[in-house]
Structure formats: structure tokens, C-alpha cells
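Down below is the structure, laid out as C-alpha cells.
No lab work stands behind these numbers, since they all come straight from the coordinates. Since we're looking at a predicted model, the values are computed, not measured. Cβ coordinates were reconstructed from backbone atoms using ideal geometry, including for glycine residues, and neighbour counts include every protein chain displayed.
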Amino acid sequence: MCHEFTCFIIKSADIRRRFFFAYSNIYPRSTDGAYMEIVIDPAQLWHQFISFANDYKLLTSLVLLIVLLFLKKGVLRLIRRISSHRGEDRRNQINILEQLGNAFIIIVLMMVWSSEIQTLAISIAAFMVAIVLATREFIQCFMGFIYYLGARPFRVGDWIQMNNIIGEVVEMDWAKTALLEVDPESFNYT
């Protein structure tokens with residue numbers, strides 16, 4: 001990274017100070033040490049700005065938040081001042097503008113952090129799918145028990161038939177129904 005910067009040293013009143021660093025792209029030197037003509041491409045500057053904003057999202061978010069909050073506060077103060085001079089009551093419009101300003105700030109911050117939000121959403125979705133797949137049978141049993149509580153199709157002591165199994169219900173909970181099986185031909189317990 002040191003090759004991108006040029007250090008200027010200023011001597012004044014017997015004090016040597018390092019003054020500032022500047023991009024060598026902005027202050028390029030020729031082979032003889034003299035400064036060359038500077039040509040700044042706006043597209044390249046915009047690309048560098050966007051690249052910086054992507055690399056330092058927290059700093060970008062903080063700067064955007066401060067700028068947008070001051071802008072919102074200034075606009076609301078201007079509207080209040082104008083409405084007080086005219087003697088109008090614009091509290092409703094001010095409240096709406098304040099809420100729209102807050103929504104705009106949230107949208108801008110979501111745009112800055114969109115790739116991280118997308119990655120987080122995908123991770124959460126994958127985690128939820130894994131949980132559902134791992135607990136699918138328990139979820140089905142629990143939903144069946146909720147249906148049973150609402151519909152009450154049978155109770156302990158009732159005789160029921162499930163597919164080819166006939167029997168008396170002896171126990172029920174959220175995960176299972178226990179039957180005392182009966183042979184359909186001889187009607188004996190099995």
C-alpha cells in the first residue's frame with residue numbers, strides 16, 4: 001500500500017513535520033521529480049468512491065445517517081418556521097414528513113447493507129429448513145394432536161379402525177395413539 005502514497009515533508013523553524021499523504025494518482029511525479037499534469041476522470045473517482053463505500057460500510061452508514069438526520073431536521077425546521085410565520089398548523093404534515101424521512105433513512109441503510117442482509121436471510125432460511133427437516137415428524141404429530149383437540153374424533157375407550165388395524169384406544173398423547181388390537185376375524189385381542 002506504501003507505493004500508492006507520496007509523503008511530503010515540510011521544514012519550518014527547525015521543526016521537521018510530516019504534513020500529509022496524498023495519492024500518487026492525484027500528484028504523480030515524472031522521472032525527474034517534477035509534478036506532472038493532473039487528469040481526473042469523474043467515472044474513475046465515482047468508482048473509487050463506491051469501492052470505498054463498499055469496503056467501509058460501517059463508516060459509510062454512519063456518515064449517511066448523520067447527513068440524512070441533519071437534512072431531515074433542517075427540512076422540518078424550515079417547514080415549522082414557514083408555517084409559524086403564516087400562522088398555519090402543519091403538525092400533521094410535519095409528522096408525515098418525519099415518518100417518511102425515517103423510512104427513507106432505513107431504506108438507504110438497507111441499500112448499503114443489502115448484501116449482508118441477503119446473506120443473513122439465506123443463512124436463517126437454511127437454518128430454518130434444517131430445523132424443519134430434523135423435526136418434521138414431531139411437527140406432524142403435534143399438528144395432528146392439535147387437530148384431535150379441536151375435532152375430538154375419538155376418545156380413550158372408543159373402538160376405531162386405522163387401515164387394516166382395529167382396536168380399542170387405551171392411551172393418547174401428542175406423539176402417539178396406543179390401541180389394544182383386535183383380530184378382525186376372531187375378535188380376540190392380539
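Structure notes:
- Other residues within the sphere of radius under 11 Å centred on the Cβ of A178, judged by their own Cβ, net out at -3 (K and R +1, D and E -1).
- Placing +1 on the Cβ of every Lys and Arg and -1 on the Cβ of every Asp and Glu, with no other charges, gives segment 113-174 a dipole of roughly 140 debye about its Cα centre.
- Projecting the alpha carbon convex hull of segment 136-182 along each direction and taking the average yields 3.3 nm².
- In sequence order, calculated HN-Hα J values of segment 168-181 (Karplus, 6.51, -1.76, 1.60; Hz; x Gly/Pro): 9, 6, 10, 7, 9, 9, 5, 9, 8, 10, 9, 10, 8, 6
- Between Q161 and I117, the FRET efficiency from the beta-carbon distance, with R0 = 45 Å, is close to 0.30.
- Amide hydrogen neighbours beyond the local backbone of I166, cut-off 5 Å, H modeled: V182
- Across all directions, the shadow cast by the convex hull of segment 57-190 built on its C-alpha atoms averages 15.3 square nanometres.
- Each residue of segment 145-160 was assigned a 3J(HN,Hα) from its phi angle through the Karplus expression (A = 6.51, B = -1.76, C = 1.60, θ = phi - 60°), giving 5, 5, 4, 4, 4, x, 9, 6, x, 7, 10, 4, x, 6, 9, 9 Hz with x at Gly and Pro.
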